[in-house]
Amino acid sequence: MSIEPPSGVNRDRLETKIPSGRKFYFLRLLTIPERIAFAFLVILVLVVTLVPMFLPYTAEQQNFDDGLLLPPGSANHILGTDQLARDLLSRLLLGARVSLSIALGSVAIGLVVGAIIGITAGYRGGWMNTTLMRVMDSLQAFPTMVLALVIAAGLGPSYQSTVIAISVVMVPGFARVSRTLTLRERDKDYVLASRVAGAKGLRIATTQVMPNIWAPLAAQAAVAFAHAIPGEAALSFLGLGVQPPTPSWGNMMADGYAYISLSPWPIIAPAVALALTVASVSVFADGLQRISGEEH
Amino acid sequence: MFKFVLRRIIQSLVVFLIASFVIFATLQLLPGDPARRLMGNMATDQQLEALRESLGLNRSIIVQYFDWLWNLLHGDLGSSFGAGQSVTSLVAAALPITLQLGIYSLILALLVAIPLAFQSAKRPGGIIDSLLSVVSISFTSLPAFVWGLGFVLFFSLTLTLFPSSGYIAPWENPIESFRSFALPVVALALPTAGIIARVGRSAIVDTSSSAFVTYAKAKGISQARLRYVHILKAVSAPLITLAGVEFIFLLGDAVAVETVFSLPGMGRLMVVSFFNRDYPVIQGCAVVFIALVLLANIIAEILAAWADPRVKEAATK
């Protein structure tokens, strides 16, 4: 049995506004390049999660019998090997897990912390708003890499401190966006109604404000993800992020740079992977921003 | 206008205080005892205590912070753990390199991006627009340091056109200096140019439907004059603001680019100090970076107000 909308409501309008009942309806709102980018990202996630299980090498395994710095297309090694005779394809895919999980983790932490700060500042206003936003200003006064470097220096280089460093860099952006969105929603009738009904700050923030601002925040998260990937790469390239022998796209490029005059492939492989991923994420993020009505 | 600038300077000072405390506190988080790090495992307790006493490490962090801030006001950033050099002299040697790198790259990025933006905005959604959007996305998809790696591979090692490392000051040898800056500057400029081109394009598209553009067209002025005088003036304020923001990103990206090209700038200095556990130098560099960012913000706002009376009016209200 289907639920009929109340009489007097224009059914056509209802249906176009809420193409409900189907998951991923947002895909139909994307342009063709955006769909291609999305498809690439889905394939990337599948490949990165599944394929390493079937690879004959681990990321750290040295295959000196096969040879050092082999070019792509060598027997046994599709992408060749690096300076320690490790299989480049294995390192690229296992490094992708490291790089992408750092990016994902730092965006998630940045999003949650930033949203809490932004919604609090926007909803409470007053001195709370001023204090929180001044702190955000001062975090934004750092060139991103400089802040990340200071944090990595304070915590010592590791996987965890890379995540923390990048997420701290992300927080002000999320705080700003969620504050602006909260300010816009704060005085709307439904929030007022909820307040009249006796709901307090936290309840209003989670049950009333959040559902109405999550879409632009998700789009912002996609944009942030496109910045987090190069951020990890730069930190690990400098030796401040993921430490060898664990592979990441950044430290693979650092390894490759030391032997650049002997073979370019250990740099080219992660660079191409990085470029394709970042390009796809940014094209897809543009689409999400347009759909959520937050295009700048 | 003067009042506006004064207010911005006071705001910046507050931000500077918070940010410098963030740096100071973060570097104190570091596990382990700095005195032990400096003297090694062989030091006796008395020696460690004496060193802490002489470095002032046994005082509370707040006292240490204000002491450091007081010295900072006198231009003293402390002394490096390494060779005992003053941090101020290390920064003074590195700063001109980073500043040149940042400024040249920003200028190059603007010179590339603005014509690109006008070409795309000619016919939004057209073939040229689509092609140029592919170009600008590909510019931004690789971080600056990866462009740098690619340039070393292609222009230094394969074509041997440009050196892959080293710094020569322009006042020593302008030609060699140009050659040593060429690759890092282009590497830094590309991602920035991509972003400026995209934002500039949408600003130009929005402006092109304004009444003053229709009026100028009706007057019969040339396309070039319409674009580079009338429209450019109207979009200059948002472009200047964006350039200010992008300059900050450039300074951050410069850290890795300086490492790729072994340019002895501030970023390289910070990274080297990180590996030498030379925390006073990291601290000093970070503080100077923040001062640069705040200065760049104020300059960008003044320029934007100067370029666009509407911004000036909003700012002085």
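The values are calculated or read from the model by the stated rules, or taken from the named source; none is laboratory data. Predicted model only: the values in this text are computed from it and were never measured. Cβ sites come from the backbone with ideal geometry, for glycine too, and all protein chains shown count toward neighbours.
Side notes on the structure shown:
- Some residue of the range A:86-103 being within 13 Å of another protein chain (Cβ to nearest Cβ) and crowded, with 16+ Cβ neighbours inside 10 Å: yes
- Cross-chain or 6+ apart pairs with Cβ under 6 Å, the range B:144-161 first and facing another protein chain (nearest Cβ under 7 Å), then buried (at least 18 other Cβ atoms within 10 Å of the Cβ) and polar (S, T, N, Q): B:152/B:164
- Scanning the range A:141-154 for residues that are over 18 Å from the mean Cα position of the chain (by Cα), part of a helix (DSSP H, G or I) and at the interface with another protein chain (Cβ under 7 Å from one of its Cβ atoms) yields A:146, A:149, A:150, A:151, A:153, A:154.
- Count - residues of the range B:56-111 that are assigned to a loop (DSSP other than H, G, I, E, B) and free of Cβ contacts under 8 Å to residues at least 24 places away in the same chain: 11
- Test: residue in the range A:4-20 that is part of a helix (DSSP H, G or I) and at pLDDT 80 or above: no
- Elements of the type helices (runs of 4 or more DSSP H) sitting completely within the range A:158-264 and holding at least 2 residues that are more than 30 Å from residue A:72 (Cβ to Cβ) and within 16 Å of the chain's Cα centre (by Cα): these cover A:159-186, A:210-237.
- For residue A:209, the conditions (1) modelled with pLDDT of 90 or more; (2) among the β-branched types (Val, Ile, Thr); (3) buried (at least 24 other Cβ atoms within 10 Å of the Cβ) are fulfilled apart from (1).
- Count of residues meeting criterion [modelled with pLDDT of 80 or more and loosely packed, with under 12 Cβ neighbours inside 10 Å] in the range A:46-75: 4
- Residue B:243 vs. criteria within 15 Å of residue A:145 (Cβ to Cβ) and under 19 Å from the mean Cα position of the chain (by Cα): no
- Screening the range B:16-54 for residues that are more than 9 Å from chain A (Cβ to nearest Cβ), within 30 Å of residue A:144 (Cα to Cα) and part of a helix (DSSP H, G or I) and picking the one that is modelled with the highest pLDDT gives B:24.
Each row is one residue, and each column tells you yes or no for (1) assigned to a helix (DSSP H, G or I); (2) more than 14 Å from every other protein chain (Cβ to nearest Cβ); (3) surrounded by fewer than 24 Cβ atoms within 10 Å (Cβ to Cβ).
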{"residue": "A:106", "(1), (2), (3)": "yes, yes, no"}
{"residue": "A:110", "(1), (2), (3)": "yes, yes, no"}
{"residue": "A:120", "(1), (2), (3)": "yes, yes, yes"}
{"residue": "A:128", "(1), (2), (3)": "yes, yes, yes"}
{"residue": "A:133", "(1), (2), (3)": "yes, no, yes"}
{"residue": "A:139", "(1), (2), (3)": "yes, no, yes"}
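- Within the range B:115-131, considering residues that are hydrophobic (A, V, I, L, M, F, W, C) and under 26 Å from the mean Cα position of the chain (by Cα), the one nearest to the other protein chains (Cβ to nearest Cβ): B:117
- Taking the range A:230-242 as the range and being more than 19 Å from residue B:250 (Cβ to Cβ) and among the hydrophobic types (A, V, I, L, M, F, W, C) as the test, the residues that pass are A:240, A:242.
- Residue A:199 vs. criteria within 14 Å of another protein chain (Cβ to nearest Cβ), in contact with a helix residue (DSSP H, G or I) (Cβ under 9 Å, 6 or more places away or on another chain), without any contact (Cβ under 8 Å) to a residue 24 or more places away in the chain and surrounded by fewer than 23 Cβ atoms within 10 Å (Cβ to Cβ): no
- For residue A:99, the stated conditions hold: it is among the hydroxyl-bearing types (Ser, Thr, Tyr) and either within 23 Å of residue A:246 (Cβ to Cβ) or in contact with a Lys or Arg (Cβ under 8 Å, 6 or more places away or on another chain) (or both).
- Among the residues making up the range B:112-149, those that are surrounded by fewer than 17 Cβ atoms within 10 Å (Cβ to Cβ) and either in contact with a Cys (Cβ under 7 Å, 6 or more places away or on another chain) or outside any helix (DSSP H, G or I) (or both) are B:123, B:124, B:125, B:126.
Rundown of residues vs (1) closer than 26 Å to residue A:86 by Cβ; (2) within 11 Å of another protein chain (Cβ to nearest Cβ), yes/no style:
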{"site": "A:234", "(1), (2)": "yes, yes"}
{"site": "A:248", "(1), (2)": "yes, no"}
{"site": "A:254", "(1), (2)": "yes, yes"}
{"site": "A:264", "(1), (2)": "yes, yes"}
{"site": "A:272", "(1), (2)": "yes, yes"}
{"site": "A:278", "(1), (2)": "yes, yes"}
{"site": "A:291", "(1), (2)": "no, no"}
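- Sole exception among (1) at pLDDT 95 or above; (2) touching a Ser or Thr at 6+ places or on another chain (Cβ under 7 Å) for residue B:108, by number: (2)
- Meeting the requirement of 1 or more residues that are surrounded by fewer than 24 Cβ atoms within 10 Å (Cβ to Cβ) and within 14 Å of chain A (Cβ to nearest Cβ), the helices (runs of 4 or more DSSP H) wholly within the range B:198-280 are B:232-260, B:266-275.
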